[in-house]
Every structure is written in structure tokens, then in C-alpha cells.
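Below: the structure, in C-alpha cells.
The values are calculated or read from the model by the stated rules, or taken from the named source; none is laboratory data. Since this is a predicted model, take the numbers as computed values, not measurements. Cβ placement follows ideal geometry from the backbone for every residue including glycine, while neighbour counts extend to all protein chains displayed. The accessibility values were calculated without ligands, DNA or RNA, using every heavy atom of the protein model including side chains. Shrake-Rupley method; radii C 1.70, N 1.55, O 1.52, S 1.80 Å.
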Amino acid sequence: MQVYGDSLVLAGETPGLLCYDTIQPGSLCVRSRYKADMEGCVSYAEGRDYAVDYAQGKLWRLSESRIPNFASNILYGVKGFDHTKYSSYGNHDYFIWVDYDASSAQPLAYPNSQAHLLPRTVERLQTGGQFRIVAYGDSITAGGEATETRLRYQERWISELARFYPRAALVSENGATGGDASYQGIERLEAKVLTRRPDLVLIAFGMNDLRTPKDVFISNMRTIIDRIRAETPAEVLLVSTFPPNPDWLFASGNSDEIAEATEAIARDTHCAYADVHALWAKVLKRKDLPSLLGNNINHPNNFGHWLYLQALLAAFPG
């Protein structure tokens, strides 16, 4: 598997793990920007800036490295931090982006096609013509820390759909609002979704519901789904969320419960479901969470949005 833009933050000379091991020697490219053609991009050199264990997929800074030292981040090692007390707290200045070939890599998400739950979507995509997709949720879906619109997870997925279904004229609408929880999803539904005449709606709430009682979250989500189905011809695909930085003061350990609730809602309402939560749990067995968080709190960076894409591709097409 060819991997593009795997992200790491490296503190001191402590090793960091890439998403995969068994890296092919000669395939590694390490730089300071997600894309090599971005202004100010620095290419880092093995032996000068970093050392690498190819078998284990492990990198670490060398003593005179030009790679930013994550240990100098103002929040490094701080427990229970309140981000509102700091003028700057993100990780963008510390990321390195790594391309490589991983010879034994397996898909991160087990293929679990949800096409049978999206029959109208499949028919419309195959037939061709305009097809409008509305992505609805919180700041992650609004764009989070993706550095370009095209790098947001839903835009990446829609690009893949266009490749699979070349006859379809896909239209992307972003109805997400930063900071929203599921109850605000109900309040904004008319303006953000129903009036946009969707054919398919991605619903991705949960990050701001981690302190919402589970039964309230379920009720809110079912209300959103029921109104979309009653007032539009659109089908629905639910997307689970991932756990925020546990060192954040406002973090909650409720992400497992909210993800389980999202999956149960999808099952009970016969909606399609993309399991981002399980995929992130798998990735976090190797990678540390700050290496995936643009804001060091709860927004995925460009590689994190790519992880969302893998969950969506496992669900549809898949």
C-alpha cells in the first residue's frame, strides 16, 4: 500500500510510529507540509533530521534535527488544560508528513458495504444526472483543521464516488456548523438540510454530545433522521466520531457510548453507517492522538480526514 501524508509530532528524540510498519526502504519521504508544493515546504533528510526503523515503521528526531520539537509545544505534557486560557494551542507547526510504501499493510476498515441500505442512492448514481450530497454535523464536518476544502473527509469521499460513478453529476453541500451538538442539529435542520433538496445526507454528530445523556442523543438523532425522510427523498448515512484529547479539560470518556449509540440508531432506523470510531481505535493502538489532531483537542488534521475517508469507503462503495 502506498501511504500519503501520514502525520507525526515528535518530541525530543522519542520515537513516533507511523500508521503501518514494514516500510519499503527507499520509499520514505518526510517533509514539513502536507503537500510538497506548498510554500515553505522543507524536505527532511534521513541521518540528518531523523532516524528510521523500517521494519517497525518508527521515526525519531536526531539531536540537530530541523524537525520541530513537539516538546516545545505550550501544552506538551499539560494535563487538564483549558484551551481558552491560551492564545495558541494547535499542532500544525509541529507536524511532519510522511509518504511511504508499506508492504504488509491491510485496510484499516473492514469492508462492510451499506449499499443495500442506500438503494435509491445506488440507482441514481448509476443512472447519472445531478446528485446532491449534504454533509451535516459539527466543526469536524465543517472542515475542522483540514488545510483545504478538497481535503475534508466528505470532499475526498465525493471525489471517490465521482470516480466510481462517472455518469453522476455530484454536488457537495456543507451544512455543518462548528460547535453544534445533536440538539442544535434539530434547530438548524430546516435551513441547513431540508431546503437544500438533498439526495443523500451524511449525519456526523457526537463530538459535542459527549456530555449529552445517551437517551437524549438517541432521541435527537432519530428526530433528525425522521424529518429528513418525511420531508425529502434523501437517504441517510450516519458517521460516528472519535475520542478527543483526554488531556483537554472538557474531554469526556463517553465517546465509546456515543459511538455505540450511533451504530444502534443506524441499525434501528435502517440507515447506512460508517464506523469512524472503530477505525480510530485501531489506529490509536499504534499512533499517538496528538499526531492526528490539528487543534490538539478534537479536530482531525489532513491525515485524520483521510482516516474518515477509509471508514466511508468501507461502507460505500465497499
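Structure data summary
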quantity	calculated
Candidates Asp180, Asp215 - the one that is acidic (Asp, Glu), farther than 17 Å from Leu237 by Cβ and under 18 Å from the mean Cα position of the chain (by Cα)	Asp180
Every residue from segment 81-114 that is among the small types (Gly, Ala, Ser) and over 18 Å from Asp288 (Cβ atoms)	Ser87, Ser88, Ala102, Ser103, Ser104, Ala105, Ala109, Ser113
Sole exception among (1) open to solvent by 20 Å² or more (accessible area, probe 1.4 Å); (2) modelled with pLDDT under 95 for Ser255, by number	(1)
Tally, over segment 270-313, of residues that are open to solvent by 10 Å² or more (accessible area, probe 1.4 Å) and either of a type in the set (A, V, I, L, M, F, W, C) or in contact with a helix residue (DSSP H, G or I) (Cβ under 9 Å, 6 or more places away or on another chain) (or both)	16
Filtered residue count, segment 213-245, keeping only those that are under 26 Å from Leu307 (Cα atoms) and free of Cβ contacts under 8 Å to residues at least 24 places away in the same chain	0
Residue satisfying all of: in segment 226-249; part of a loop (DSSP other than H, G, I, E, B) and of a type in the set (A, V, I, L, M, F, W, C); surrounded by the fewest Cβ atoms within 10 Å (Cβ to Cβ) among these	Leu249
Within segment 107-225, helices (runs of 4 or more DSSP H) holding 2 or more residues that are open to solvent by less than 30 Å² (accessible area, probe 1.4 Å) and of a type outside the set (Lys, Arg)	119-127, 139-142, 153-164, 182-187
Residue count for segment 241-255, restricted to those that are hydroxyl-bearing (Ser, Thr, Tyr) and out of contact with any Lys or Arg (no Cβ under 7 Å at 6 or more places or on another chain)	2
Selection within segment 69-80 - surrounded by 18 or more Cβ atoms within 10 Å (Cβ to Cβ) and either within 22 Å of Ser27 (Cα to Cα) or not aliphatic (A, V, I, L, M) (or both)	Phe70, Asn73
Residue within segment 3-13 that is open to solvent by 30 Å² or more (accessible area, probe 1.4 Å), modelled with pLDDT under 95 and within 22 Å of Ser103 (Cβ to Cβ) present	no
Candidates Asp275, Asp247, Asp256, Asp288, filtered to the one that is under 12 Å from the mean Cα position of the chain (by Cα) and charged (D, E, K, R)	Asp275
From Ser255, Ser291, Ser219, residue being more than 30 Å from Val3 (Cα to Cα) and either in contact with a strand residue (DSSP E or B) (Cβ under 8 Å, 6 or more places away or on another chain) or not charged (D, E, K, R) (or both)	Ser219
Count of segment 250-299 residues which are part of a strand (DSSP E or B) and in contact with a Phe, Trp or Tyr (Cβ under 7 Å, 6 or more places away or on another chain)	1
Residues of segment 23-68 that turn out to be in contact (Cβ under 8 Å) with a residue 60 or more places away in the chain, open to solvent by 60 Å² or more (accessible area, probe 1.4 Å) and under 23 Å from the mean Cα position of the chain (by Cα), as a count	1
Pair list, Cβ < 7 Å and 6+ apart or interchain, from segment 184-200 residues that are in contact (Cβ under 8 Å) with a residue 40 or more places away in the chain and closer than 16 Å to Thr141 by Cα to residues that are acidic (Asp, Glu) and crowded, with 16+ Cβ neighbours inside 10 Å	Leu200/Glu235
Filtered residues of segment 149-174 (kept if of a type outside the set (A, V, I, L, M, F, W, C), under 17 Å from Val236 (Cα atoms) and over 17 Å from the mean Cα position of the chain (by Cα))	Ser172, Glu173
